[in-house]
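What follows is a set of notes on a single structure, which appears directly below.
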Amino acid sequence: MRLRDKHGRDITDLRVSITDRCNYKCVYCRTGNEGAVYSELPFADYLRMVRIFVGLGIEKVRLTGGEPLLRGGIVEFVRSIAQLRTLSGETPDIAVTTNGHLLADMAQPLKDAGLRRATISMDAVDAEKFARITRVANGFNNVLAGIRAAKRAGLEPVKVNCVLLRGFNENQVVEFARFSREEGVVVRFIERLQRARRQHGSSSICPEAAQRSVREAARNRATTPLSPRPCRPSGGSSPASRP
Ligand code: SF4
């Protein structure tokens, strides 16, 4: 039996939140504002669930949190998932979404254990703005080191997800475009979930507005060559939203 949605499409992607804890306190985030609410299961239980889902057609497993790298034992967990086989006999495609704070030291061990890709949440390419959003001092350099370590380890493509917030980082679009080119990473401007918007106020800027800024910058040759691409339709399978 395969997992299918109501339109008959195969469900192949699974996201597993292995902790609700985080070492950042992002202004727009439930975890950042309330701390960990949900308890953690032992890794053996997560592995059992992943094994069952892989047996039902899951091919890609993304580990998330909170901040998943806070969870001791994650390297062994990745190694265990990498030993599973999909219905077509392949190793599952394992990815992680992280704030990157601990990634500098963990990128290579995770890669060696079987991790293939990393997505790093990063809301500013400016240390002061970054600290205002995360409410943690001196995090920016750690995240930058984490991104570079992910590149060195070959966790490609390294993707950077950014939530644009009015009054915080709305003027970072062109800087992110430049950062994307200089660091060789894929930057995506994402929206927060409706629920988080309702609960925690500060309004995020839609990806279309970010795209307009990039288009404008390209026209003004602030950063060239830039080429805006169409946004994904909302409601698609994009993982690009924050709690
Ligand atoms: S948005 Fe991500 S990095 Fe920020 S507090 Fe929430 S879980 Fe942590």
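The values are calculated or read from the model by the stated rules, or taken from the named source; none is laboratory data. All of these numbers come straight from a predicted model, not from anything done at the bench. No Cβ is skipped: glycine too gets one built from the backbone with ideal geometry, and neighbour counts run over all protein chains shown.
Here are a few things to note about the model shown:
- Lone qualifier among 187, 158 - being buried (at least 16 other Cβ atoms within 10 Å of the Cβ), modelled with pLDDT of 85 or more, β-branched (Val, Ile, Thr) and over 15 Å from residue 98 (Cβ atoms): 187
- Only one of 187, 174, 160 that is part of a strand (DSSP E or B) and over 18 Å from residue 26 (Cα atoms): 187
- Subset of region 103-136 [over 17 Å from residue 93 (Cα atoms) and charged (D, E, K, R)]: 105, 123, 126, 128, 129, 132, 135
- Single residue of region 58-79 satisfying the filter (assigned to a strand (DSSP E or B) and away from the ligand (no atom under 16 Å from the Cβ)) that is surrounded by the fewest Cβ atoms within 10 Å (Cβ to Cβ): 60
- Qualifying residue in region 115-127 (condition: surrounded by fewer than 18 Cβ atoms within 10 Å (Cβ to Cβ), free of Cβ contacts under 8 Å to residues at least 12 places away in the same chain and either at negative phi or among the aromatic types (Phe, Trp, Tyr) (or both)): no
- So residue 136, is it under 13 Å from the mean Cα position of the chain (by Cα) and either within 13 Å of the ligand (Cβ to nearest atom) or modelled with pLDDT of 95 or more (or both): no
- Residues of region 115-133 classified as more than 15 Å from the ligand (Cβ to nearest atom) and not in a strand (DSSP E or B), total: 6
- Test result for residue 155, away from the ligand (no atom under 12 Å from the Cβ) and part of a helix (DSSP H, G or I): no
- Residue list for region 8-28, filter: over 16 Å from residue 101 (Cβ atoms), out of contact with any Asp or Glu (no Cβ under 8 Å at 6 or more places or on another chain) and either in a loop (DSSP other than H, G, I, E, B) or within 12 Å of the ligand (Cβ to nearest atom) (or both): 8, 9, 17, 27, 28
- Residues that are away from the ligand (no atom under 16 Å from the Cβ) and either assigned to a helix (DSSP H, G or I) or on the phi > 0 side of the Ramachandran plot (or both), drawn from region 80-103: 80, 81, 82, 89
- Residue in region 37-47 that is touching a helix residue (DSSP H, G or I) at 6+ places or on another chain (Cβ under 8 Å), at negative phi, of a type outside the set (Phe, Trp, Tyr) and within 12 Å of the ligand (Cβ to nearest atom) present: yes
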